[in-house]
Structure formats: C-alpha cells, structure tokens
Amino acid sequence: MKRILVTGGSGYIGSHTVVELLKTGCEVTIVDNLSNSHRVVLERIAAISGQSPDFIEGDIRDRALLERALKHSKAEAVIHFAGLKAVGESIELPLKYYDNNVNGTLVLCEAMQTVGVKNLIFSSSATVYGSEAEVPYREDMTLGRATNPYGASKAMIERILDDLCAADSDWSVAALRYFNPIGAHESGLIGEDPQGIPNNLMPFISKVAVGQLPELAIFGDDYDTPDGTCIRDYLHVADLADGHVKALKALSKPGYHVFNLGTGRGYSVKEMVEAFQRVTGQPVAHRIAPRREGDLAAVWADADKAKRELGWSADTPLDKMMEDTWRWQSGNPRGYAQ
Ligand code: NAD
Ligand code: WQD
C-alpha cells in the first residue's frame, strides 16, 4: 500500500513515521488539528525527506472532513496516531479523553467505511495490560482493568476495532501496543516537544539538561527492583516508526492483529539518568521524590510476535537514544516554539 492517510501525523511519533513512510516511497496525507503539535513540523519533515506530505488541518471528529480527505488522498490505509495521551489529565477530564480518543476513532472508522477504506493501524499502548499483568507482557494476555481514563480509552478502542473486524471480514486492523518511545530523528530536526511540564521521563531529563527545568524528581527509589527505581521498556522512536512501515505489510491479512512494539528489555530510572549524563556529558540535577500514583515497578514487552510476524525489532542501543535525544533538545531548547 502506497497512499497512506496519517491522523496525528505532525505529532511526536506521527512525524517520525511520516519520514519513514516518505523514505519508502509512500504518498502521505496528514490530518491533524495541531492541538499538541506545530505546523513547523511539516517544514522539518520536508527538510529531512526532500518532499512534503499533504497536510489538512482538522479534527478527526469532523466526519465530512475525513471523508473528503480519504477521497482526495485516495488513501489505501490509515495510520491513526491522533489522540490525547496525558494520563494525569485524563483522570481530571475523562469526558475530554473519551470524546477525543474513543468518539474520534468511531467517527474515523465510520468515514473509512463510507469511503470504502478498511485498512487501519492504531496507536495502542502497553497501558492496556493494566496493573496486574506479569512482565514480560504478551499479546495473548487477558487485558487488565485500566487504571485511568486514558488507558481505558485505548482498551475500548481495541475492543471496538476487534468487534468491527469480526463483523466485516473486509477490515484489516493492526493495533500496535507501544511501550516507552524516546529519542529523536538523528538529524535533530524533529523530536519530542511536550507542551508545558513534561509528564514523561525522557523529555523531563533533556529539559533539565538544557536548562529549561531546574531538577528531575525521581518518583520513588523503594520499589522492588535492583536499584529501587522503576523499570520501563524504552525504544527509539525511529524504530517505532519503522514498526509502522512493517505493520502495513500485516494489513494484507484481514482481521484484527495485535503487536507489542518494545525492545523486550527494561532500564531503571537511575540507569536512564546515568546513561544520559555519561553519553552527553550534561549533568542532570535530580532528587528522590515520593512515588507517583499509579506507577508500576516494572514494565517490559515480550517482543517476539512482532519479530516473528512483522520481521521487526527495536535494536537501537540506549546510548544512541540518549545521543539523538540530546542533539534534538540542545538544538531546539524550546522545542518547536521559536
Ligand atoms: P502527540 O501528542 O505528539 O501526537 C498526537 C497528535 O494528534 C498531535 O499532533 C495532536 O495535535 C493530534 N491530535 C490529537 N487529537 C486530535 C484530534 N481530535 N484530531 C486531529 N488531530 C488530533 O503524541 P504521540 O506521543 O505522538 O502519540 C501518538 C499516539 O500514540 C497517541 O494516540 C498516543 O496515545 C499513542 N501512544 C503514545 C505513547 C508515548 O509514550 N508517546 C505511548 C503509547 C501510545
Ligand atoms: C517512566 C518512569 C516514572 C517522570 C507513560 C504512560 C503510558 C505511555 C508512556 C501513552 C516511571 C519515572 C517519570 C519524572 C520520574 N504513554 N519518572 N520522574 O509512566 O511508563 O508511561 O508514558 O500511552 O500510557 O503511562 O512513562 O515516562 O511517565 O515514566 O521518576 O519526572 O520514569 O515514575 O517509572 P510511563 P513515564
């Protein structure tokens, strides 16, 4: 499939995936409401790729806009990144998250069905495994009770897509459960640019290093892990982007397919801070703080299925993830904001 519509394509993971899609000769149309990204990302993609994706500013809840975009682009498949992803905010504003993520996906699927496009890759999350699952997480595990509306929205959407494929065998869906994507394109031109104070570890570390934030609070060092800090499965965003290119091939088979996109190994918070300082030579001021509500001690993927069925694995080493993060952050201390 060569004509791809990408929702949320000017966001962190979407922009990196669009670069990979263009590199493989795909024609790309982005639909994004710019609620958590910037138009300048399109210029950066063009600078990297030597070509620009088509861009339609709009909301995935606008069915008429989606139908026009699908028809005009002649899309053969949709990669669906558009969504809100802040766990804490989802607890405060559940309706905003269910409307944006769940209703938005329903409208997208209805528009796709009307136009006759029934190939979809969906951005799911390791958070759907819930808080009781044993590591390493495997795709055939029964999903646990999500601990927040954000995670619940992802699990609901997975169920919707599974039911859709069961009802109509023309549909082919790949739900990709991302673990912890970090890093930036090696050009340093695109990267993670959270608005306000970052929720996630890596952008927080890099903003402390570049002087945008004073100090990293390490949320707890009394977990049942080797050094007491939490362990996560961090993968390079470029590897994650490559996983989407390879998942397009899975769409040749009808039905609902689920894949973990992780490395299969974990690093602790302290190991991440140490690696960043070692690789970049930049000190990261940090202190031990109380645990963060809802954090799990250890999370990492069983990554065998994607390797076996997609021929995909995330092999970029931790040091390169740190190197690429710093090249982006040091070149763009305030992210895309000029
Ligand atoms: P991001 O916020 O950088 O990108 C999301 C993009 O979607 C943004 O450009 C935003 O403007 C757009 N968007 C949001 N709601 C929209 C709407 N209603 N209509 C049109 N555009 C809309 O986030 P990201 O880190 O690139 O994540 C992409 C997807 O992957 C999200 O669905 C997220 O839940 C999921 N995910 C992310 C992570 C992670 O750690 N970053 C992990 C697992 C899953
Ligand atoms: C990683 C580790 C923190 C910040 C989240 C979402 C998940 C997915 C990925 C969307 C944890 C510690 C963090 C800080 C810290 N997003 N930490 N100080 O929590 O594994 O997953 O992002 O799908 O849904 O839950 O990632 O980067 O927030 O935290 O000590 O300032 O770093 O306690 O152990 P997490 P994270």
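Quick note: the coordinates plus some simple rules give every number you see, no bench work behind them. If you're wondering where the values come from, they're calculated on a predicted model, not measured in any experiment. Backbone-built Cβ (ideal geometry, glycine too); neighbour counts: all protein chains shown.
Using only Cα atoms, find the angle between the long axis of helix 318-331 and the longest principal axis of the chain, and express it within 0 to 90 degrees, rounded to the nearest 10. Orientation of helix 318-331: about 90 degrees from the principal axis. Counting neighbouring Cβ atoms within 10 Å and putting the fewest first, the residues Y137, Y97 line up as Y137, Y97. One quarter of the convex hull surface built on the alpha carbon atoms of the chain amounts to 15.4 nm², the projected area averaged over directions.
Here the extension length gained between R63 and Q277 equals 72.3 nm, from 0.36 nm per residue of separation less the Cα-Cα distance. Beyond 29 Å in Cα-Cα separation lie the following of the pairs K23/K270; K85/K249; K74/K246: K23/K270. Here the contact order of the chain, divided by its residue count and restricted to Cα pairs under 8 Å and six or more residues apart, works out to 19 percent. Net charge of the neighbourhood of L65, taken over other residues with C-beta under 10 Å away and scored Lys/Arg +1, Asp/Glu -1, is -1. Dividing the C-alpha radius of gyration of the stretch 1-152 by 2.2 N^0.38 Å, with N its residue count, gives 1.09. Taking the empirical scaling 2.2 N^0.38 Å for compact globular proteins as reference, the stretch 171-221 has a Cα radius of gyration ratio of 1.49.
Against the chain, whose longest principal axis comes from its Cα atoms, helix 104-115 is set at around 30 degrees. Around the amide H of I231, modelled in the peptide plane, lie the amide H atoms of A298, V299, all under 5 Å away and 5 or more residues distant in sequence or on another chain. The amide H of I79, built 1.01 Å from its N in the peptide plane, has L5, V6, T7, I121 as neighbours under 5 Å, considering only residues 5 or more places off or on other chains. Available extension along the chain between D99 and D304 is 70.4 nm, counting 0.36 nm per residue and deducting the alpha carbon span. Count the net charge of all other residues whose Cβ sits under 12 Å from the Cβ of M112, scoring Lys and Arg as +1 and Asp and Glu as -1. Every neighbour counted, the sum reads -2. Overall, the stretch 1-84 carries a charge dipole of about 140 debye about its Cα centre when +1 sits on the Cβ of Lys and Arg and -1 on the Cβ of Asp and Glu, all other atoms neutral.
Applying a DSSP loop filter and a limit of 14 other Cβ atoms within 10 Å to the trypsin sites (Lys or Arg not before Pro) in the stretch 49-78 leaves K74. Principal-axis analysis of the Cα atoms of the chain puts helix 40-49 at an angle of about 80° to the longest axis. Springs between Cα atoms under 10 Å define the GNM used for the chain, and in it the highest mean-square fluctuation of G50, G243, G262 occurs at G50. Put a plus charge on the Cβ of each Lys and Arg, a minus charge on the Cβ of each Asp and Glu, and nothing anywhere else: the dipole of the chain about its Cα centre is then about 620 debye.
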